[in-house]
Structures are given as C-alpha cells and as structure tokens.
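So the structure is just underneath, and the comments pick up after that.
The values are calculated or read from the model by the stated rules, or taken from the named source; none is laboratory data. Quantities reported herein were computed from a predicted structural model and do not represent experimental measurements. Glycine gets a Cβ as well: all are built from the backbone with ideal geometry, and neighbour counts include every protein chain shown.
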C-alpha cells in the first residue's frame, strides 16, 4: 500500500550554528575519515544515494551539463575547441545562477579558474542515470567531436546519393529540452536551480527505475523531505531497513572510536608539553555512549560484512577493517560505563594501531610535527561522523518533488 507523507524537522538557531561550525571543521581537517573508513562510507553512500557525489549541489546541473554538450554537438564544434567552449558556457551559467541563487552555485568565487567544473562533477552521475549513453570519460567524449560533426553533415554512398547522418548517439533521446538556453544558445537571464516539470519527471523516472531499492527512490516514492538522517526515514522496505541499520551502527562505532582517538591526542599533547590537557572528550563521549551502546550491543557485524558491496570495500589482512571493527565493538559491549570504555587499554591500543596503519606517514600519535597541528577545538558532539551523502540526496528529492508539483 502506498504511504505518502511529508516530514519536516525543526532546528533551533544555535543547533544550526553548531552544525555549520562542525561541518566546516570536517572540511578543514578531514575529521570525517580520521581512522580510514572512506571506502566503506562511499559504498554505503552509493547504496543509499546512488549517482550522487559529495561535490554535487543541485539536481538541475544534470540538465545544465547535458544541455550544454548537446548544444555544442549541434553547433559542430571542433574537438580541439570543445573543452574551451564547454568551460566558457559553464562559466556563463555560473554568472546567471549567481544572480538568483544564494547557495549551491559551483564556482561562485573561483569563476573561470575553477578546478572542477560541473561537467566533471556530474559526469559519472549522468552515466549512471542513463542520460549519457556512452561509457566514455568527459575528455574521451570531447575527442569524438570531429566525428560527431562529420556524421551530422551526412555522407554519400557509392553512387553519390546523399544519406542521413550516422554515428554514435551519446545522449538519451528522451531527455527533456534544454529550456535554460535561448534560441541563440545563450543561458537565459533569470535561470535558477528550479527544475522544469519535464526535467523533474524525467529525473524521478530515472532514479526510481534504475535504483528502485535505494533510499533516494524510497524518499521520492513516499514524498519524504526534511529528514535529517537516513535512518530517520519511515517505512523502509525490509532490505533497505537492514542497510540503514548497518549504516547507522557503522556511523556510531566510527564516531565513538574517533572520540577515543581525540582523547589520546589530547593526552599525548599534554605529555609532550604541546598543549595543556582539556576535558573536551569526556562529556561528548558520555553523550555518545548513551545513544550508541544499545544499538551497538545488538549489532551483528557478520551480517554487516556479508553485504556484497561492503565486503568488497573492506581493508584486507589480519589487521584490516574487520579486525578493528570487531575488536573495538567487543570492548564497547564489555564496558560497563562510558568512562570505562574511554580508558580501556585494549580499545586504546586498537585505535593507536589503526591510526598507524591507515596513515603511516602522518600519524599524530607517532610524529610530533603532525600532533602539534591538531587542535582540541575540533571535538564536537554536533553531528554523526557519516551521513552517507544524505544531505545531497535529500536536496535532490526536494527539488524533484517541487519541480513535479510546481514546475513549468
């Protein structure tokens, strides 16, 4: 039975401020992957929010990129010029969007000197969604433009009879028209991230048909917006519920282990006279303990590692990911209090060994020069370690649903 619901979560101003500050600290220090779980994060992100990346901003960029390249094909641009013209058109798009959109405009500050243009950021997603029908990279596709131009002129057979164009079709034929471009091929003034109805319907179809079991498709089907964390989404399918449970527990475990890692760093800085020890970790660790111990106590890691996409992302070896996850989880379950776990020697040794293995040349617990660069102010209880690109997927869901309802 279909279950339609709209959910909004309210946030206090100080909560939002705290979250923004912590997110900035993650971007500056790379705190999100202190202990080397980026591969697992990526695999779960692909399960829950496929065809997305952390650099994406708005769903309409899919159609901006596709529209610009389809236009360049029609204009017969030479292969030697296409990279320049593609960047130029995307720079013009940036100028138009920046006039109306306050957040999410890629390259707002960098301009034409941007290192990663929208086309590079969205290219893989365009392929996964079937909008781009070729497996070519952007650069390899650009190299085909001379062949595209020749094929569009048509050709003659042996008796000199003109024939229609031939060649590879690089873009899905059912893509909606690029209504953000005028008759001269220029980006229309006043364009925004608001999807047209045709674009929203097309993207809805692509996500739900290609990734029907994903969280993003579940959110589209049940019109779920404003959900803070993936595991807060109501009524997931049994299979999706299993994924969400493992994702939440992995997030909780890594967050707790990272707090313990911070405690070790603070103690080491105090021991070497770098910085006087603070009690920054204890209160947030106790808060984490109250939330995490119940779910982690009942977590079956044997089921977790049996998920095929997870199993292939695990660091191998007798001291790989499974060794750390199971070992640290065992100490968590055995501990009677947060304080007992935080000071547990075996758990601490596991964290020390983990850091040495995942960043041998930059270990803060081994090299004083890297230890000096770390600041206790990075410790925060503001967010989970991992959100599995949920903020990106949620924005896409909101934009798609809004476009289907109010798009032109």
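Points to keep in mind about this one:
- Counting only residues that are loosely packed, with under 14 Cβ neighbours inside 10 Å and farther than 20 Å from residue 242 by Cβ, the range 286-303 holds 2 of them.
- For the range 365-380, the count of residues that are farther than 26 Å from residue 275 by Cβ and in contact (Cβ under 8 Å) with a residue 24 or more places away in the chain is zero.
- In a residue-by-residue description of the range 242-257, the property of being part of a helix (DSSP H, G or I), surrounded by fewer than 15 Cβ atoms within 10 Å (Cβ to Cβ) and either assigned by TED's automatic domain parsing to the domain that holds residue 339 or modelled with pLDDT under 95 (or both) applies to at least one position.
- Exactly one residue among 337, 309, 346 is modelled with pLDDT under 95 and surrounded by fewer than 14 Cβ atoms within 10 Å (Cβ to Cβ), and that residue is 309.
- Residue in the range 297-317 that is closer than 19 Å to residue 359 by Cα and free of Cβ contacts under 8 Å to residues at least 60 places away in the same chain present: yes
Yes/no matrix, rows are residues, columns are (1) without any contact (Cβ under 8 Å) to a residue 40 or more places away in the chain; (2) under 17 Å from residue 54 (Cα atoms); (3) loosely packed, with under 14 Cβ neighbours inside 10 Å; (4) touching a helix residue (DSSP H, G or I) at 6+ places or on another chain (Cβ under 9 Å):
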residue	(1), (2), (3), (4)
100	no, no, yes, no
104	no, yes, no, yes
109	yes, no, yes, no
116	no, yes, yes, no
128	no, yes, no, yes
132	no, no, no, yes
140	yes, no, yes, no
145	no, no, no, yes
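- Flag if residue 355 is in the same structural domain as residue 267 (by TED's automatic domain parsing), buried (at least 18 other Cβ atoms within 10 Å of the Cβ) and modelled with pLDDT of 95 or more: yes
The rows are residues; the columns are (1) farther than 30 Å from residue 104 by Cα; (2) more than 29 Å from the chain's Cα centre (by Cα).
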| position | (1), (2) |
| --- | --- |
| 325 | yes, no |
| 330 | yes, yes |
| 334 | yes, yes |
| 387 | no, no |
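- Test: residue 268 is modelled with pLDDT of 95 or more, assigned to a helix (DSSP H, G or I) and within 19 Å of residue 34 (Cβ to Cβ): yes
- Of the set (1) over 30 Å from residue 136 (Cβ atoms); (2) assigned to a helix (DSSP H, G or I), all apply to residue 226 but (2).
- Test: residue in the range 30-39 that is more than 24 Å from the chain's Cα centre (by Cα) and at positive phi: no
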